[in-house]
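Please treat every number below as a calculation from the coordinates, not as lab data. Here the structure is a predicted model, which is why all the values come from computation and not from measurement. Reconstructed Cβ throughout: ideal geometry from the backbone, glycine too, with neighbour counts over all protein chains shown.
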Amino acid sequence: MIQAVIDIGSNTVRMALYEISSGAPELLLKRKQIVGLASYVKDGVMQDEGIEKAVEVLTDFRLSLERLSIKNIAAFTTAALRNAKNSAEAVSRIERESGVSIRVLSGDEEALFDFVGATHDVEEPDGLLIDIGGGSTELVLYENHEIKRQVSLPIGSLALRTGNVEATLPTPAEIESMRRIARKELSLEDWKGITVPVICGIGGTFKGARAVYNACFPCAKPTCSMDTEKLSGILSRFAVGEKIPEAELLLLLRADPDRIHTLLPGLVIAEALFEHFGVKRAIYSDSGVREGFLYSEIIPKLK
């Protein structure tokens, strides 16, 4: 059967189609729209403009699925709508006006689905899963492929950028300001003393970071493994605001044009986590919350 999964994130709304049979889900098609829902949250309230943006994108996705006669549709949302003070009202209105039913994932559910999807085919048995989204950051500590601890933190790349960066790219001063905020928000008192051998990164920040990393440090074969010190170095290289040289701007645009405005704020969060856990290596997994949702919620019901 063909299953559509719609992920209403804090920065991007994504729709993916999977063919589900006796084996692993096969990705057939992906579409995305950059909506930036987190930027429409003012004083904790999701504004009408953000609701209308979500309705517009979901309506377009629903009509596309109807034209393909695809009826198996699952949609969920994460931090931007989950954490809004008017969450229930906003979600209800989006459902009513778009015709798409939406499940609001809790922070724990999001972290669990992230873990299931990302580590399904990862060889390292121990590590820390990190998903830096637009409005939140999920951490999952795992040993022997089993979750030991998890937490959802109310800081994300788009939320950190909003109000702290004026131009498309941040200046060195803006990076330092975001570093102070990130270190404060990521103090993680209950996680002190924990070290991990590797970070498994998923989501938009790590996808963009992997693309820029491979552009900055060329090798014969693009790799999913990254040195965390080199990743941190990307911040100082590109955090020059509007004064960025054209060659550097071209590198960013060719690597990941859709995330050029949120990549560096996301890396500020990643850098703070690298420091906290004393980790030297990060790997990128292309699977995450959508695949974890399939493995946990959809596929078991078909057996």
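Over the Cα atoms of region 79-185, how large are the radius of gyration and the largest Cα-Cα distance (Dmax), in Å?
16.7, 45
In whole angstrom, note down how far apart the Cα centers of region 242-256 and region 193-241 are.
So the two Cα centres are separated by 17 Å.
Projected onto the charge dipole of region 122-284 (+1 at Lys/Arg Cβ, -1 at Asp/Glu Cβ, origin at the Cα centre), which of MET178, CYS200, SER236 gives the Cα projection farthest towards the positive end?
Comparing the listed Cα positions along the dipole, SER236 ranks first.
When the helices in the chain are scored as -39500 (n - 2.57) per DSSP H run of 4 or longer and the sum is shared across all residues, what 222 nm value do you end up with, to the nearest 500 deg cm²/dmol?
Working: 11 runs with 123 residues, N = 303.
The helix-only estimate for the chain comes to -12500 deg cm²/dmol at 222 nm.
Roughly what would the spin-label model give for GLU52 and ARG149, points 7 Å off Cα along C-beta, in nm?
Simple spin-label model gives 4.5 nm for this pair.
From the C-alpha coordinates alone, can you work out the Kirkwood hydrodynamic radius of region 243-301, in Å? Let's see the in-between values first.
Details: mean 1/r = 0.0682 Å⁻¹.
For region 243-301, the Kirkwood estimate is 14.7 Å.
If you find the alpha carbon centre of region 56-103 and of region 2-25, how far apart are they in angstrom?
Here the two parts' Cα centres lie 14 Å apart.
Using only the Cα atoms of region 150-228, each taken as one equal point scatterer with no solvent, compute I(q) by the Debye sum, divide by I(0), and report log10 of the ratio at q = 0.17, 0.19, 0.25 Å⁻¹.
-0.94, -1.11, -1.28
Under 9 Å from the Cβ of MET226, count the other residues' Cβ atoms, weight Lys and Arg +1, Asp and Glu -1, and hand me the total. The partial results should precede the final answer.
Values: positive: ARG210, LYS230, ARG281; negative: ASP227.
Summing Lys and Arg as +1 and Asp and Glu as -1 gives +2.
Quote the relative contact order of region 122-284 in percent (integer), defining contacts as alpha-carbon pairs under 8 Å separated by 6+ residues. Provide the component values of the computation, followed by the final result.
Working: 274 pairs, mean separation 52.0, N = 163.
Once divided by the residue count of region 122-284, the mean separation gives 32 percent.
Based on the Cα gyration tensor of region 191-252, what are the three equivalent ellipsoid semi-axes, each the root of five times an eigenvalue, rounded to whole Å and given largest first? It would help to have the intermediate numbers written out before the result.
Details: eigenvalues 117, 49, 21 Å².
Its equivalent ellipsoid spans semi-axes of 24, 16, 10 Å.
How large is the dipole of the chain about the Cα centre if only Lys and Arg carry +1 and Asp and Glu carry -1, each at its Cβ, rounded to the nearest 20 debye?
Details: 35 positive and 43 negative charges, 56 e Å.
Approximately 260 debye in magnitude.
With a Förster radius of 25 Å, plug the Cβ-Cβ distance of CYS219 and ALA173 into 1/(1 + (r/R0)^6) and report the FRET value to the nearest 0.05. Before the final figure, lay out the partial values.
Values: r = 33 Å, r/R0 = 1.33.
E between CYS219 and ALA173, to the nearest 0.05, is 0.15.
Sorted from largest to smallest, which semi-axis lengths in Å does the alpha carbon gyration tensor of region 163-303 give for its equivalent ellipsoid, taking the root of 5 times each eigenvalue? Could the numbers behind the result be given before it?
Values: eigenvalues 143, 83, 50 Å².
The three semi-axes for region 163-303 are 27, 20, 16 Å.
Please list 3J(HN,Hα) in residue order for region 139-145, calculated via the Karplus relation 6.51 cos²θ - 1.76 cosθ + 1.60 where θ = phi - 60°; whole Hz, with x for glycine and proline.
Those phi angles translate into 10, 9, 8, 9, 9, 6, 6 Hz.
Give the value in nm², to one decimal: projected area of the alpha carbon convex hull of the chain, averaged over all directions.
Numbers: hull surface 63.6 nm².
The directionally averaged projection comes out at 15.9 nm².
Could you give the semi-axes, largest first, of the ellipsoid that matches region 2-104, computed as the square roots of 5 times the alpha carbon gyration tensor eigenvalues and rounded to whole Å?
On the way: eigenvalues 131, 35, 26 Å².
Working through the eigenvalues yields semi-axes of 26, 13, 11 Å.
With r defined as the distance between the Cβ atoms of LEU249 and ASP43 and R0 fixed at 25 Å, what FRET efficiency is calculated, to the nearest 0.05?
On the way: r = 34 Å, r/R0 = 1.37.
FRET efficiency, LEU249 to ASP43: 0.15.
With +1 assigned to the C-beta of every Lys and Arg and -1 to the C-beta of every Asp and Glu, and no other charges, what is the dipole magnitude of region 206-271 about the Cα centre in debye, to the nearest 20?
Working: 8 positive and 8 negative charges, 40 e Å.
Rounded to the nearest 20 debye, it is 200 debye.
Along region 94-100, what does the Karplus equation 6.51 cos²θ - 1.76 cosθ + 1.60 (θ = phi - 60°) give for ³J(HN,Hα), rounded to whole Hz, x for Gly and Pro?
4, 4, 5, 7, 9, x, 10
Residue-wise, which Karplus ³J(HN,Hα) couplings in Hz belong to region 6-13, taking 6.51 cos²θ - 1.76 cosθ + 1.60, θ = phi - 60°, and x for glycine or proline?
Per-residue couplings from phi come out as 10, 10, 8, x, 6, 10, 10, 9 Hz.
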